[in-house]
Amino acid sequence: APATVPTDPRMADGQTPETGAEGTQAPSAEESMGAMAGGVLLNPIDPQLYEERDELVLPVIGIDGRKVWTHYARPFDLDDRRPRLAIVIMNLGLDESMTDMVLEMLPGQVTLSFSPYAPDLAAKLERARATGHEVMIDLPMEPLAFPRDDPGPHTLLTSLSTVENLNRLEWVLGQAPGYVGVTTWMGSQFTTVEDAMMPVLESLKER
């Protein structure tokens, strides 16, 4: 999807935001958010790309073949052949002050990944998307040092059955819509066990 740059009425007739007819004005909240987004508007949440089940909002592939990882992705210039550096800030949403600082200070080009345990997660994701951030969800997986290092009550574990792990995966995926994918939160043990990992990857592919 091409980037959409919102127009500024004060820029008509050769004016700029700094030299409008009313003189220099403090930017509004919407203008500040637009500046953080870099002039990029992400696609809105599409009801055709999720299903509601047992209080979960689960991503699905649309009947037209659209997938959330492309529909909600931040657009960029495919013709720009310069090397790219991807920056993802993880484990957001639990510390309110830290999350606020990230949203207020980092440009929209930085991807943000939120904890599935964060309160008011849907509102936090939408706020991040409004400032141009591509968003992801942290997927808690069993680390080598488990249970000393514990990613939380919905952690995917090698000791659980495939059904139990897929139920935990659905809980994580169903906390809020609008994200492009998941990031591995720990997982140094779980990701090495093929019988545990493959059903998770297959489920993600189906969604």
If a residue counts only when it is open to solvent by less than 70 Å² (accessible area, probe 1.4 Å) and over 25 Å from residue 71 (Cβ atoms), which strands (runs of 3 or more DSSP E) contained entirely in the range 97-194 have at least 3 such residues?
none
Answer yes or no: is there a residue in the range 78-95 that is of a type in the set (Lys, Arg) and either under 16 Å from the mean Cα position of the chain (by Cα) or at pLDDT 95 or above (or both).
no
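The values are calculated or read from the model by the stated rules, or taken from the named source; none is laboratory data. Keep in mind the model is a prediction, meaning the values are calculated, not measured. All Cβ positions, even for glycine, are placed from backbone atoms using ideal geometry, and neighbour counts span all protein chains on display. For the accessible areas, the whole protein counts, side chains as well, though only heavy atoms, and no ligand, DNA or RNA atoms are used. Shrake-Rupley method; radii C 1.70, N 1.55, O 1.52, S 1.80 Å.
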